[in-house]
Amino acid sequence: MQIENLHWHDYLVLASLIGSIVGLWLINSHKPTQVKDKEGTERSLFLMIFTYWIVYCVADFAQKLQLPNWDILLMSLQITAAISYFLTACCVIILPLHRFSLQQVAK
């Protein structure tokens, strides 16, 4: 991968990769001793969001590598990137829905 072939999107993905790694580190550095169901579910959702996004970023950068005769690998990287992108989006949508449902149950 050559640096001149990178576009603004690639730099944005690189910055979000670094942010996701920092997010995972922050979540894992503050492990509570007693976890309630609500906090455990939210923590798991945040872990899944950051982990799936890291997988997407790695798969996206791996697609940019110029590897000869690796069409099967390229196809599997594209599928991996698409699945991890959709899983990230689903977890991002589920987090506020989970909080909303807990508020409805509390009423």
Segment 1-20, subset part of a helix (DSSP H, G or I) and open to solvent by 90 Å² or more (accessible area, probe 1.4 Å), residue nearest to residue 102 (Cα to Cα): 18
Test for residue 44: is it small (Gly, Ala, Ser), open to solvent by less than 70 Å² (accessible area, probe 1.4 Å) and modelled with pLDDT of 95 or more: no
Would you check if residue 62 is more than 15 Å from the chain's Cα centre (by Cα), within 22 Å of residue 5 (Cβ to Cβ) and surrounded by 15 or more Cβ atoms within 10 Å (Cβ to Cβ)? yes
Does any residue of segment 61-72 turn out to be farther than 30 Å from residue 103 by Cα, outside any helix (DSSP H, G or I) and basic (Lys, Arg)? yes
Can you pull out the residues in segment 33-56 that are of a type outside the set (A, V, I, L, M, F, W, C) and under 23 Å from residue 97 (Cβ atoms)? 36, 37, 38, 39, 40, 41, 42, 43, 44, 51, 52, 56
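The values are calculated or read from the model by the stated rules, or taken from the named source; none is laboratory data. Source: prediction; values computed, not measured. Methodologically, a virtual Cβ is constructed for each residue, glycine included, from the backbone with ideal geometry; neighbour enumeration extends over all protein chains shown. The area values use the complete protein model at the heavy-atom level, side chains included, leaving out ligands, DNA and RNA. Shrake-Rupley method; radii C 1.70, N 1.55, O 1.52, S 1.80 Å.
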